[in-house]
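Shown next, in structure tokens, is the structure this report addresses.
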Amino acid sequence: MVVGAGLRGRGGAVLAYRSRDLRSWITDGVLATAAGLGAIWECPQYVDLDGPALIVSVWAGGRPDRVAASRGSEVDGRFRPGAWRTLGYGGSVYALTTYRDRAGRLAGSAWLRSPVQSPPGWAGMLSLPVLLSAGPDGAVSVAPHPDVDTLRAAPLPVLAGRCTVGGAADLDVELPRGGVLRLDGAVDLQR
């Protein structure tokens with residue numbers, strides 16, 4: 001079992017534990033740490049990505065900051081990271097959870113933190129699935145999961161410059177030079 005942690009004076013870390021029966025656990029030391037990569041690591045994912053890879057959610061500056069990943073090697077039961085790469089830019093991606101899809105590929109979904117918190121507190125949603133792979137540069141690469149495209153429906157007709165969408169929609173719009181996109185919608189909130 002791996003557990004995210006923060007080590008005083010060292011920063012983020014992943015701790016390892018062992019068990020024969022999944023009831024009694026014995027500490028097995030520090031699996032990985034990296035100076036300068038946040039104060040605490042959360043949600044560690046230790047996976048096989050053509051060799052060992054570690055994905056962590058980095059707590060830095062007193063707040064959830066980003067998801068970082070590294071491919072590396074395992075020496076004497078300890079992960080030795082290669083170069084770290086940020087997965088997902090823009091400050092909203094956090095707590096990536098990995099799983100194997102039906103084809104056995106390493107996939108993941110993350111918590112997307114919302115900049116608008118109404119009511120105040122934690123707010124967000126889960127991302128669409130992504131596909132994780134070993135990039136040509138040896139680092140962890142992330143791309144939209146190819147199965148997401150199977151969710152798209154046929155394009156909606158545009159009549160007299162208008163298109164009506166019922167429910168949720170993924171919009172892909174090409175506007176001519178000088179064109180204007182106007183979204184009119186009603187939101188029904190119940191308290």
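Report the Cα centroid-to-centroid distance between region 33-54 and region 120-166 in angstrom, as an integer.
Using only Cα atoms to place each centre, the spacing works out to 25 Å.
Roughly what would the spin-label model give for Val75 and Val30, points 7 Å off Cα along C-beta, in nm?
For Val75 paired with Val30, the spin-label model returns 1.5 nm.
Hey, in the GNM for the chain with a 10 angstrom Cα cutoff, which one of Leu156, Leu112, Leu175 fluctuates hardest?
In the Gaussian network model the winner is Leu175.
Tell me, what is the percent relative contact order of the chain, built from C-alpha pairs under 8 Å that lie six or more residues apart?
Averaging sequence separation for qualifying contacts and normalising by length gives 11 percent for the chain.
Averaging over all projection directions, find the projected area of the Cα convex hull of region 1-139 and quote it in nm² with one decimal place.
Average projection, Cα convex hull of region 1-139: 10.4 nm².
Quick one: putting +1 on the C-beta of Lys and Arg, -1 on the C-beta of Asp and Glu, what dipole do you get for region 1-118 around its Cα centre, in Debye to the nearest 20?
The calculation lands at about 120 debye.
Could you tell me the relative contact order of region 11-124? Use alpha-carbon pairs under 8 Å, at least six residues apart, and round to a whole percent.
17 percent
Readers should treat all values here as calculations from the given coordinates under stated rules, not as data from a laboratory. These figures come from a predicted structure and were not determined experimentally. Neighbour counts are summed over all protein chains in view; Cβ atoms, including those assigned to glycine, are modelled from backbone coordinates with ideal geometry.
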